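The values are calculated or read from the model by the stated rules, or taken from the named source; none is laboratory data. As the structure is a computational prediction, the values presented were derived from the model and not from experiment. As a convention, Cβ positions derive from the backbone with ideal geometry for all residues, glycine included, and neighbour counts pool all protein chains shown. When the accessible area is computed, the model is the full protein with side chains, heavy atoms only, and any ligands, DNA or RNA have been set aside. Shrake-Rupley method; radii C 1.70, N 1.55, O 1.52, S 1.80 Å.
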Amino acid sequence: MSTIHRTHHVGAALITGLALALTGCGSVKPDPRPEVIWPDGEPTGPLEDDPWVQAVRTSYLELDIAIATRDFSAPALRDTAPIIRRETHAHLEDSARERAWAFTPGPRPLIPIHVDEAPNGKSATVITCYAADWYITAEDPEPPTDPRGVLLDIPVTIEDGRRMVEPGVLLNDDVVMNTMDAEVAEAAEPFLDPREDRNCLLDDAPRGYFDPAPDVTLEYSPDDIKF
């Protein structure tokens, strides 16, 4: 597999970089599971049928639903991304304590760029362009129109017959282009974004939205988050 020079660890700190709105506090129940609406069609592409990519999409969808509904109890999330589930739950609790609430408007835009499967077929890394700021708040209730794309390297392993998605790691675009395999650089180059605060483009990533949309005016405490 490729030698990966990793920058800072992302884990499940999916709220990193978000300017959170400050409001109040309340006691609310988790929302029901929403549907996903794809106004312009679901993601398509040469890697979408890859089982490693499908595992990543499934886990991240479940995670975004958990953030939007404040319910981390879904078996699909627990059974495919236990570490990310635990870490993100802790971050959401911290945000609630700080009276800073944020919600995901839908599955975060994500473009799979490269899959590097281990020779034994029991693990892989999935490099994606991933929306780091896919959140809405009471102060900013509309989804970002130009999401900030970051390169994320996501390890996936097979355990007890299930693909388990591990915490991802941010990749520097310079490292991807100059240190990793030529195949990775070739796949990543069309997506690179020269802007300083981001490193990949999500222009072609389909946008999906939850229906019903999260109520960004909700004010909840850590005890209102189901785990």
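Testing ARG163 on (1) in contact with a strand residue (DSSP E or B) (Cβ under 6 Å, 6 or more places away or on another chain); (2) of a type outside the set (Gly, Ala, Ser); (3) open to solvent by less than 40 Å² (accessible area, probe 1.4 Å), one condition comes back false. Which one is that? Condition (3) is where ARG163 drops out. Total residues in segment 84-102 satisfying the condition of being β-branched (Val, Ile, Thr) and touching a Pro at 6+ places or on another chain (Cβ under 8 Å): the figure is 1.
Here are some residues: ASP140, ASP203, ASP174. Which one is part of a loop (DSSP other than H, G, I, E, B), of a type in the set (Asp, Glu) and without any contact (Cβ under 8 Å) to a residue 24 or more places away in the chain?
After ruling out the rest, the residue left standing is ASP203.
Return yes when VAL165 is in contact (Cβ under 8 Å) with a residue 60 or more places away in the chain and either more than 20 Å from ALA118 (Cβ to Cβ) or among the hydrophobic types (A, V, I, L, M, F, W, C) (or both) and no when it is not. Yes, satisfied. Collect the residues in segment 175-211 that are open to solvent by 90 Å² or more (accessible area, probe 1.4 Å) and over 18 Å from the mean Cα position of the chain (by Cα), keeping them in residue-number order. Those that are open to solvent by 90 Å² or more (accessible area, probe 1.4 Å) and over 18 Å from the mean Cα position of the chain (by Cα): ASN178, GLU183, GLU186, GLU189, PRO190, PRO194, ARG195, GLU196.
Among the conditions (1) out of contact with any Lys or Arg (no Cβ under 9 Å at 6 or more places or on another chain); (2) without any contact (Cβ under 8 Å) to a residue 40 or more places away in the chain, the only one that THR157 does not satisfy is (1).
The residues in segment 95-125 that are out of contact with any Leu (no Cβ under 9 Å at 6 or more places or on another chain), surrounded by fewer than 18 Cβ atoms within 10 Å (Cβ to Cβ) and in a strand (DSSP E or B) can be counted, and the count is 1. The set of residues in segment 70-92 that are open to solvent by 40 Å² or more (accessible area, probe 1.4 Å) and either assigned to a loop (DSSP other than H, G, I, E, B) or basic (Lys, Arg) (or both) comprises ARG78, ASP79, ARG86.
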